[in-house]
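Before any comments, here is the structure.
The values are calculated or read from the model by the stated rules, or taken from the named source; none is laboratory data. Predicted model, so just to flag it, every value in this text is computed and none were measured. Here Cβ is always computed from backbone atoms with ideal geometry, including for glycine, and neighbour counts include all displayed protein chains. To get the accessible areas, we keep the full protein, side chains included, count just its heavy atoms, and leave off ligands, DNA and RNA. Shrake-Rupley method; radii C 1.70, N 1.55, O 1.52, S 1.80 Å.
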Amino acid sequence: MLDAKIPSGPLENKWTDYKGHCKLVNPANKRKLEVIIVGTGLAGASAAASLGELGYKVKAFCFQDSPRRAHSIAAQGGINAAKNYQNDGDSVFRLFYDTIKGGDYRAREGNVHRLAEVSANIIDQCVAQGVPFAREYGGLLSNRSFGGTQVQRTFYAAGQTGQQLLIGAYQALERQVALGNVKMYSRHEMLEVVMVDGKARGIIARDLISGKLERHFGHAVLLCSGGYGNVFYLSTNAMGSNVTAAWKAHKQGAAFGNPCFTQIHPTCIPVSGDHQSKLTLMSESLRNDGRIWVPKKQGDSRKPNEIPEEERDYYLERRYPAFGNLVPRDVASRAAKERCDAGYGVGTSKQAVYLDYASAIERYGRTEASKHGLEQVSIEEIITMGKEVVKEKYGNLFDMYEKITGENPYEVPMRIYPAVHYTMGGLWVDYELMTTVKGLYALGEANFSDHGANRLGASALMQGLADGYFVIPYTIGNYLADEIYNKPISTDHEAFISAEKEVSRRLEQLMNIKGTTSVETFHKRLGKIMWDKCGMARNAKGLQEAISEIQQLKKEFWKDVKIPGAIDEFNPELDKAGRVADFIELGELMCIDALNREESCGGHFREEHQTEDGEAMRHDDKFMYVAAWEYKADHEWILHKEALHYDVIKPSQRNYK
Amino acid sequence: MEHYTMNLTLKVWRQKNAKSEGHLETYQVSDISSEMSFLEMFDVLNEQLIRDGKEPIAFDHDCREGICGMCSMYINGKPHGPWQANTTCQLHMRAFKDGDTIVVEPWRANAFPVVKDLVVDRTAFDRIIQAGGYVSVNTGNAVDGNAIPIEKDKADAAFAAAMCIGCGACVAACKNSSAMLFLSAKVSHLALLPQGAPERKSRVVNMVAQMDKEGFGACTNTGACEAACPKEISLSNIARLNQEYLTASLVSEK
Ligand SMILES: Cc1cc2nc3c(=O)[nH]c(=O)nc-3n(C[C@H](O)[C@H](O)[C@H](O)COP(=O)(O)OP(=O)(O)OC[C@H]3O[C@@H](n4cnc5c(N)ncnc54)[C@H](O)[C@@H]3O)c2cc1C
Ligand code: SF4
Ligand code: FES
């Protein structure tokens, strides 16, 4: 069932060879080929713009009111590229190596090398679009470092890199809309993939304003619908982020890859109470300059500024001297959990650690003083100057922290705790980004591909844009070249009629439950099960319990959910109900996958499998594979294994010490 | 920071759809924590409405961290509420005290028709961008990112303009419902960068024409937009836009 279609030949030639030999579609034929793109985040918008430019007829869909508001907009820290502008030893190989190692040897060499190869083109393309990346005084692009690497290869635009990149892609997309090459459907939700003769041929979408169902034909369908972190209820994802598009595809035959690989981000603002609706990320870039610590004494309730230097435990610097505060996310998150579980946590909930800027402020202040040739300066003046520098680099993040917590992070250390952030798992795709369903592709966070068991910071933006700008324009041609003889299928075709009927039946079934419990309540309950038993640390017993609890929850949901309003109107509760129903099913599969994977790797930490000093212990002999799950029936999946081969890199235990 | 709880009276605009009339409806909420965000307070109210068998209030939101531009509530006469440089989703309940009455309405502008309750249609902004808010560069056409150095000051100024999140608060704040601040942010962002230079003239002319077509009002320089803008987009962008427009129209009179 699984053919990854990785080109043969030496690693560094695979992509070049592929491009040189893949089939092409001539411009006149492109105009006859229709492509559906679900999602307009970085992956979807870049794909829609690029395919529109090539001349394909594109229809793009998103559930927000404008394509510019996709969740990608929220990315803060930056985007990686192997430019080596800093002359610090970066290269395509090193970015490739860091990504494979960061992913704990659970990603494909071929895909990741391609990602590293095209990374530099992404920066060029974005600059050409007018993306205002941060620059140095000499007018050249600035870089910062991110976790899991020892070079500075991250490009950024203050703390809103995602916004600037997405606006670039959105502008390119709107240009194609103006030219008539792309038709945009906002406030639309895709609810089914339409299959004709074993190929994806269209979708059923619901107009979220009128509630009406629509049929749309496409010679190919691209899912760029983002990640599923909201299965945990609380995450850093936007409120609307969901798995529905991917899940419908899964149930139509697309295998789901590594569903349990979830990234818990170490630096988020801690939960403040039961009312919490989402969690806010404090960009990883803050770990560049901030130092993470807890008191050396358990249950120390002194204010942070009253705890003297020698009574602080900078536990990351202590445990990982080589990488210090810049260890990868999974390592940093587990270390925070370990300290809090052991009773060293801070704040009222004791589920938090400090992220402290005091020494960075002083260091920057001193640099400023010497830059301006000031010798007789007081510590107060130094600190004032230092705060200015920190403000320029991280000002909007600090402001955000203050708005949420009411505390001033220039004066007191921030309190942070890990939170669900990203899902490495997703629809299984081959080298061409095609799922196990012909003509159905998955791009961006929606696919499982490049990050293995743990994603490095600033690599999701890179991957989304690589997929959309530089990979799919080639690989889709290889499929569509054979489709030029196939006329568009009428949406009166039996397959469209029955798909629409099925969607409409599901909506009615939901509305007719008329139970007593709100959608939100079910979502919160699911989230709690997932966080407690399939979160930062997992074990067999907990996972087994979680599976039966989720099955029970599903029964209750379909008996007792209460959805106000009607189908044929703007009804956000109904939209949410459909998404939560899919999250419940996905939650079960995630636990099954986590139970199956009897090893620890990257973000997947099985308590039964750890080294003496608490590091993740992989079992390459048994688990060096991608777990691709095929849907069979309710609660029933078949596991297919795609073996991973490392021809160039020799897997070893990750070491950041 | 001291935390407290409060009881509040809410007067919220209810409107079934674009065609129907709307009205303010009064609700009570209790035990609201000062640590909640304004939208979390709305979540509490909506859960209460659902429990009572009533229709929850429709409102737009997504990121809940002040960046997607989706949230859009007119709170006590101010777009995004009482805090400076802030979005509705980032407003927290410590801005209010026990016993307060809060009035919440949708953005009001002819170019932003109400969809339902507090949700409005802002697709006019997308159409303004379609009219020219981009650089015409196809994927693959780019030169090396460092081939054209850009003075840091200029890059920073372009970035400051590019921070606009397209929320529409500027329009909602303006008595003429002018979209000049939004438009000027986009025109400035691209005009300040060398990459935007080749299309500088046609861009501004076409975008202004589209703005007028959408039914946004004229700018009379009251500055209400700048005061309401969550991203502190500066009025100086409007001056730049006017300058750009003037130059472009002078030159295009062939
Ligand atoms: C707070 C935060 C900060 C981050 N910071 C960084 C960073 O600094 N660097 C980095 O590399 N990565 C970062 N990430 C990760 C990165 O932002 C995401 O992985 C990436 O942007 C996902 O892009 P995407 O295009 O795949 O999906 P998204 O941007 O999530 O877009 C999904 C699209 O699909 C649409 N959609 C979904 N379902 C449907 C449906 N059923 N019907 C119609 N449309 C649908 C949505 O409307 C949307 O347009 C961050 C993530 C978060 C949460
Ligand atoms: S200029 Fe400010 S108020 Fe207007 S749309 Fe942009 S961010 Fe919103
Ligand atoms: S919800 Fe995104 S800016 Fe408020």
Of the numbered conditions (1) open to solvent by less than 10 Å² (accessible area, probe 1.4 Å); (2) away from every other protein chain (no Cβ under 11 Å); (3) over 21 Å from A:GLU192 (Cβ atoms), A:MET282 satisfies every one except a single condition; which is it?
(2)
Kindly provide the set of residues from segment A:114-127 that are surrounded by fewer than 24 Cβ atoms within 10 Å (Cβ to Cβ) and either at pLDDT below 95 or not polar (S, T, N, Q) (or both), ordered by number.
A:GLU117, A:VAL118, A:ALA120, A:ASP124
State which residue is nearest to A:ARG339 (Cα to Cα) when the search covers only segment A:528-542 and only residues that are part of a helix (DSSP H, G or I) and in contact with a strand residue (DSSP E or B) (Cβ under 9 Å, 6 or more places away or on another chain).
A:TRP531
Mind listing just one residue for me: the one in segment B:175-186 that is open to solvent by 10 Å² or more (accessible area, probe 1.4 Å) and touching a residue at least 60 places away in the same chain (Cβ under 8 Å) and, of those, nearest to ligand 2 (Cβ to nearest atom)?
B:MET180
Residue satisfying condition, being in contact with a Cys (Cβ under 9 Å, 6 or more places away or on another chain), away from chain A (no Cβ under 14 Å), modelled with pLDDT of 95 or more and closer than 24 Å to A:GLN129 by Cβ, within set B:ALA173, B:ALA228, B:ALA224, B:ALA179:
B:ALA179
Residues that are in contact with a Phe, Trp or Tyr (Cβ under 9 Å, 6 or more places away or on another chain), open to solvent by less than 20 Å² (accessible area, probe 1.4 Å) and not in a helix (DSSP H, G or I), drawn from segment A:571-600:
A:ARG597, A:GLU599
Matching residues in segment B:223-239 - criterion: being within 16 Å of ligand 3 (Cβ to nearest atom) and out of contact with any helix residue (DSSP H, G or I) (no Cβ under 7 Å at 6 or more places or on another chain)
B:LYS231, B:GLU232
I'm trying to understand the selection: among the residues of segment B:187-209, which are at the interface with chain A (Cβ under 10 Å from one of its Cβ atoms), of a type outside the set (A, V, I, L, M, F, W, C) and more than 15 Å from ligand 2 (Cβ to nearest atom)?
B:PRO194, B:GLN195, B:GLY196, B:ASN206
Total residues in segment A:295-334, condition buried (at least 24 other Cβ atoms within 10 Å of the Cβ), at pLDDT 95 or above and not in a helix (DSSP H, G or I)
0
Open to solvent by 10 Å² or more (accessible area, probe 1.4 Å), at pLDDT 95 or above and within 29 Å of A:LYS641 (Cα to Cα) - does that describe any residue in segment A:383-405?
no
Counted residues in segment B:126-156 being part of a helix (DSSP H, G or I), surrounded by 21 or more Cβ atoms within 10 Å (Cβ to Cβ) and more than 7 Å from chain A (Cβ to nearest Cβ) come to 1
Of these, A:ASN242, A:ASN258, which one is within 14 Å of chain B (Cβ to nearest Cβ), touching a residue at least 24 places away in the same chain (Cβ under 8 Å) and buried (at least 23 other Cβ atoms within 10 Å of the Cβ)?
A:ASN242
Looking at (1) open to solvent by less than 10 Å² (accessible area, probe 1.4 Å); (2) within 16 Å of ligand 3 (Cβ to nearest atom), find the lone condition where A:SER186 falls short.
(1)
What about B:CYS170, is it buried (at least 23 other Cβ atoms within 10 Å of the Cβ), touching a residue at least 24 places away in the same chain (Cβ under 8 Å), assigned to a helix (DSSP H, G or I) and away from ligand 2 (no atom under 12 Å from the Cβ)?
no
